[in-house]
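Quick notes on the structure that follows.
Each value in this text was obtained by applying a stated rule to the coordinates, not by laboratory testing. If you're wondering where the values come from, they're calculated on a predicted model, not measured in any experiment. Don't worry about glycine lacking a Cβ; one is built from the backbone with ideal geometry, like all the others, and counts go over all protein chains shown.
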Amino acid sequence: MAADELIIAALLVPAAGAALIALCDRAPNLREGVTLVSSVLLLLCVVSLLPDVLDGARPAITLFEVLPGLSIAFDVEPLGMLFALIASGLWIVNSLYSIGYMRANREHAQTRFYVCFALALAATMGVAMAGNMFTLFLFYEMLTLITYPLVTHHGTDEARRGGRVYLALLLGTSIMFLLPAIVFTWFIAGTTDFTPGGILGGKLSAAALGGLLALYMFGIGKAALMPFHRWLPAAMVAPTPVSALLHAVAVVKAGVFSVVKVIVYVFGIDTLASAGVTDWLVGVAGFTIVAASVVALNSDNLKRRLAYSTVSQLSYVVLAAAVLVPLSMVGAVLHIAAHALGKITLFFAAGAIYTAAHKTEVSQLDGIGRRMPWTMGAFAIGALSMIGLPPAAGFISKWYMLSGAMAGAHWIAVAVIAGSTLLNAGYFLPVVYRAFFRAPDAGQSAHGEAPLPMVIALTATAIGTVLLFFVPDVPLALTRQMTGK
Amino acid sequence: MTLAQHLPALQVVVPLLAAPLTVLLRRRTLAFAVVLAASWIAFAISVRLWMQVESSGTISYAIGNWPPPWGIEYRVDRLSAFMLVLVSGLAAVVLPYSRASIEQEIPAHQQYLFYTVFALCLTGLLGITITGDAFNIFVFLEISSLSTYVLIALGRDRRALLAAYQYLIMGTIGATFFVIGVGLLYLMTGSLNLADIAQRLSAVEGTRPVLAALAFLTVGISLKLALFPLHQWLPNAYAYAPSAVTAFLAGSATKVAVYVLLRFYFSVFGAPQVFDKVPMQEMLLLLALAGMFAASAVAIFQTDLKRLFAYSSVAQIGYIILGLSFGTVTGLTATIVHLANHAITKGAVFMLLGCVAASLGGVGLARIQGMGKRMPLTSLGLVVCGLSLIGVPGTAGFISKWMLIQAALEQGQWWLVFLIVLSSLLAVAYVWRFVEAAYLREPSNDPNTAAEARWSMLLPAALLVAATVYFGFDTSLTLGSATHAAGELMSAPQ
Amino acid sequence: MTGTGLLTTLGGHFAYFITVFLMMAGLFIVIARGNLIKKLVGLSIFQTSVYLLYIAPGKLVGGTAPILSDAFSVYSNPLPHVLILTAIVVGVATLALGLALVVRIREAYGSIEEDDILQSDAAPESPSQEQ
């Protein structure tokens, strides 16, 4: 298949999968099979694009013009390639996990769940491979809308409220800030195509550039920059596979991916550096990192703790990108991958704990490591990755981020990264300690590990986290292409 | 002369003749067939006229061969052709739908009368669009208005009668204001032909009667347009009229009124006179913004879905007038393209609401709870249309929003950009009231276990929903035509 | 303005003063009266003022009836008459429709006073309430 056909295939496979899943409503096993097959096919399509991109090619295809000068176009560059790889690869694992979780918890409306999942992946592929800001915006909004039914899956009052916050913040930021930013960009630059070096060079004053950057950064609500981060903890009402999707695979990664894409391909690192307008962004991201970590420290609900950890970790990417140093840029991009693997492991573990032991609070987790060794072992690895300790992937990305910050003499960034590492340890290590080294409370009902598909999934992602530490070749190669060349 | 040369006249005559024919035929199936055929023929004619205008320019047709300005002239330029296709197209889609819809809402012995009056309404609207004579506009305006009052009064609820009466009072005042304006123009220029008035106005530009004429015309048309605060008739009229009537009116009546406004502003008075001598821009801007916010806010608190979307229409008309108030080609393009996009979206919405009313017996928020499971296709259609009203990319409404933001940015009015997007968020609020009620609440234990809507009602609605999505991606027809029409209007020799 | 100037204006524009008076009287009746038929009466008065607005300027000073004849060179303008005939027909149709609606409203509500009608609609036990 030609490269541009592969791009279309990557969009059509999950979409067609969604249609087939809807048809298989009456046959759950067939339905689950469709999901798994679609996810594998998608990974195949994406992986087939990899060799070309690694060689330096940029597979692209323009579909049609919507407005004069604005077309739906796709362009696979290294960052998008990495994002697509992560998303498609983790969809397979997430599907496996979902099957275990949804069946074990006897969830309702499973068909709707899998259909929305598949469509969400299609939208994610669209975001990853978008060739201009217009196309990215289209799929970005699609992603928000298609994940709404997933967030409100339970249909309870709580789910409704969570869904409202989710939608209000994500649609609010994208309509109020992102859309005007995109129209203005097109108005000023005549195009919204992603171009290495940016498209705004020499067109705007420093103040206007700073203002536009603010519109973009706050407009990309999925990156969860404070004060528009509340949608993330609000979305915790969703079933855990959805949280895993939101926090590792699709939504948040689409956010920080868009942030990096905008900084590198719309503004251009040099344009931003010479205008000197990213200092406030370093500040906001730094504040988010620390504040979110503090909230995580004080959260007893496990998913809430993980949610705020995600808010914090996302801002690492924004911080590293805002520092505008090539080394930190490498760290930012690597962190997209490392955090994805680590966080999905953590959420898988949380869901496994809920499914097997019906526990949701950290304070209830004493001694659970003995009954669920695989789950808590994976959790431990995920925690190591979040903190940034070897042999987990998070160590590599943090290393690059720190080196970049020091190289650029951004001492605030250095302090934030170092300090938050301690905070991360502060809210993750106690969980691991409790699980393995404390005796369980008396009167606990006996339970074993989570269902097998779930355990397989979380073990796989834990192994992936460690594997990424030892073999970071592909992500590093992609990142170097993006920043080095 | 061949038939093709008489197309402008036939555009009006075909639906006009269908009306008495229907009254004579009496039987409702025959009546339906006649009016359906008439509307489809009218649509074919409008498409043909459009293609003709695209290839050879403005068509001028003298009624009865009396040369203008002595005789009445039918004049088809880009904007008229656009509107003709829009209105006749909407009628062509709503009529097949109406057959099943009015089965439930209008007594059997009155149904043939519905078709009669519908044909008259269509005649009036098409006539307004195609004529080039100012007084002729008034005549057709009243033809369409009177038939509209009757159509609304056919609603099931007795409040439809009162709504029709209120609309009659307000609409007649509006039409009378319009005719006062035309009268003043006639007094000052001695002509009723729009193009002729335009030429003669240059001699009397800026005189008080001419400015007074502008004022009377604006107020009169604004009443028909439902521009805030002259919109009071709209919510009741849309809520209590039969669903097919609301679907057709929502997409045509106010749009044709906008057309008349554009025609007078740009082809008769000319942009400099309208925008420079009078603070029209500021006034229209303020009223548009007031409409956008006030109506959206009121919509959020409605419990009846038809009323909710009626207020939404008032807000969307605010967007249309906002584009006009810029006085630039981009703004005008935004206005014209939103005429089409909104007509398609709202036509679909009200047709789908008619499906809901037919299946569930009403459109109150309490009644439609859990509708997502029982009527999945209808609910999905309403969600897609709601997204278009919000302006989510991938829908027609997004295109209009983009053009509006672009027009505002061209003037450097950032505060206006934020107001436009802020009002979109209000739209999210009222659309999501429907989404939550339909999908996130359990259906009330009604023995009336409703099924999906009938195919004859669902298909036309689905067609318009598909069009809403289609015109969000392929904008050559809507935006392309709008751009040409706007360019033609702005460059009218003044 | 001097006394004679005022009189000249009044005399010369007499028709327009009547027009405006009728216009305002008609509008006032529509707005201020609650009886549905009285509103229609006001509407008719309002429309009548417009007829006057058109016809009065049609009479030219020194103009004769618009019948061609060699003896005359200045004719009054017949076009306003034509236009107003149309407008009268429209007015009559509107009035007829309005009155028909009032009859139906009377059948449905038992009253033609706007206040009573609105009150009976606001009453919660109205059987035709859509919820």
- line: Helix B:329-360: inclination vs chain B longest Cα principal axis, degrees, rounded to 10, gives 30
query: What's log10 of I(q)/I(0) for the protein assembly as shown at q = 0.04, 0.09 Å⁻¹, Debye sum over Cα points only, no solvent?
result: -0.25, -1.03
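Taking the Cα centre of the range A:278-485 as the origin, how large is its charge dipole in debye, to the nearest 20, when only Lys and Arg (+1) and Asp and Glu (-1) carry charge on their Cβ atoms?
For the range A:278-485, the charge dipole is close to 100 debye.
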message: Using +1 at the C-beta of Lys and Arg and -1 at the C-beta of Asp and Glu, which of B:121, A:140, A:202 has the Cα lying farthest in the positive direction of the dipole of the protein assembly as shown?
response: A:140
statement: Placing each pseudo-label 7 Å from Cα in the direction of the beta carbon, residue A:298 and residue A:429 end up separated by a distance in nanometres of 2.2
- prompt: Where does the charge balance sit around residue A:303 when Lys and Arg score +1, Asp and Glu -1, over other residues with C-beta under 12 Å from its C-beta?
  reply: +2
- prompt: If you bin the C-alpha pair distances of chain A every 10 Å from 0, what whole percents do you get?
  reply: 4, 22, 33, 27, 11, 2, 0
- request: Counting residues in the range B:279-494 as N, plug N into 2.2 N^0.38 Å and put the Cα Rg over that result.
  value: 1.06
- request: Report the label-to-label distance for residue A:48 and residue B:281 in nanometres (one decimal), using points 7 Å from each Cα along the Cα→Cβ vector.
  value: 5.5
field: Residues B:385, B:121, A:116, A:24, sorted so that the one with the fewest Cβ neighbours within 10 Å comes first
entry: A:24, A:116, B:121, B:385
task: Report the Stokes-Einstein translational diffusion coefficient (µm² s⁻¹, integer) for the range A:106-226, Rh taken as the Kirkwood radius over Cα pairs, at 4 °C with viscosity 1.567 mPa s.
output: 82
statement: The value for the range A:172-279 (convex hull of the alpha-carbon atoms, volume per residue, Å³) is 99
- request: Measure nothing fancy, just the Cα-based angle from helix A:411-437's long axis to the longest principal axis of chain A, in degrees from 0 to 90, nearest 10.
  value: 20
query: When the helices in the protein assembly as shown are scored as -39500 (n - 2.57) per DSSP H run of 4 or longer and the sum is shared across all residues, what 222 nm value do you end up with, to the nearest 500 deg cm²/dmol?
result: -24500 deg cm²/dmol
Peptide A:179-187, shielding by other chains (average Cβ, 10 Å cutoff): 5
field: At most 12 other Cβ within 10 Å, DSSP loop - trypsin sites (Lys or Arg not before Pro), the range B:1-45
entry: B:26, B:27
statement: Given backbone amide H placed at 1.01 Å from N, residues whose amide H is under 5 Å from that of residue B:132, ignoring those fewer than 5 places away on the same chain, are B:73, B:74, B:75
- request: Given the peptides B:414-421, A:172-179, B:363-370, arrange them by the average over their residues of other C-beta atoms within 10 Å, most packed first.
  value: A:172-179, B:363-370, B:414-421
- prompt: On average, how many beta carbons from a partner chain sit within 10 Å of the beta carbon of a residue in A:334-343?
  reply: 0
message: With θ taken as phi - 60° and the coefficients 6.51, -1.76 and 1.60, list the Karplus ³J(HN,Hα) couplings across the range B:305-322 in order, rounded to whole Hz; mark glycine and proline as x.
response: 5, 5, 5, 4, 6, 5, 5, 4, 4, 4, 5, 5, 5, x, 4, 4, 6, 4
query: Peptides B:137-147, B:183-193, A:402-412: what's the order by average Cβ count within 10 Å, highest mean first?
result: B:137-147, B:183-193, A:402-412
task: Could you size up the charge dipole of the protein assembly as shown around its Cα centre, putting +1 on the beta carbon of Lys and Arg and -1 on that of Asp and Glu, and report it in debye to the nearest 20?
output: 1360
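When each pair of different Cα atoms in chain B is counted once in the 1/r mean, what is the Kirkwood radius in angstroms, to one decimal?
Hydrodynamic radius (Kirkwood, Cα pairs) of chain B is 22.4 Å.
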message: Only sites in a loop by DSSP and with at most 16 other Cβ atoms within 10 Å count here; which chymotrypsin sites (Phe, Trp or Tyr not before Pro) in the range B:249-316 make the cut?
response: B:301
task: Taking the dipole about the Cα centre of the range B:279-494, with the C-beta of Lys and Arg at +1 and of Asp and Glu at -1, give me whichever of B:419, B:308, B:375 is farthest to the positive side.
output: B:375
message: Pairs of alpha-carbon atoms within less than 8 angstrom and 6+ residues apart define the contacts here; what relative contact order does chain A have, in percent?
response: 15
query: Remind me, relative contact order of the range B:279-494 in percent, using alpha carbon pairs under 8 angstrom and six or more residues apart?
result: 28
statement: With the dipole of the protein assembly as shown defined by +1 on each Lys or Arg Cβ and -1 on each Asp or Glu Cβ, the option from A:11, A:266, C:71 whose Cα lies farthest towards the positive pole is A:11
statement: Extend 7 Å from the Cα of residue A:407 along its Cα-to-C-beta direction; within the range A:309-324, residues with backbone N under 12 Å of that point are A:324
task: Taking 7 Å along the Cα-to-C-beta vector as the label spot, tell me the residue B:65-residue C:113 distance in nanometres, rounded to one decimal.
output: 6.3
query: Any idea what the dipole of chain A comes to, in debye rounded to 20, about its Cα centre with Lys/Arg Cβ at +1 and Asp/Glu Cβ at -1?
result: 1020
Rounded tilt (10° steps) of B:111-130 against the dominant C-alpha axis of chain B: 30
message: I want the local charge near residue A:397. Using Cβ-Cβ distances under 15 Å, sum +1 for each Lys or Arg and -1 for each Asp or Glu among the other residues.
response: +3
- request: Calculate the mean, over all residues of peptide B:161-171, of how many other protein chain Cβ atoms lie within 10 angstrom of the residue's Cβ.
  value: 6
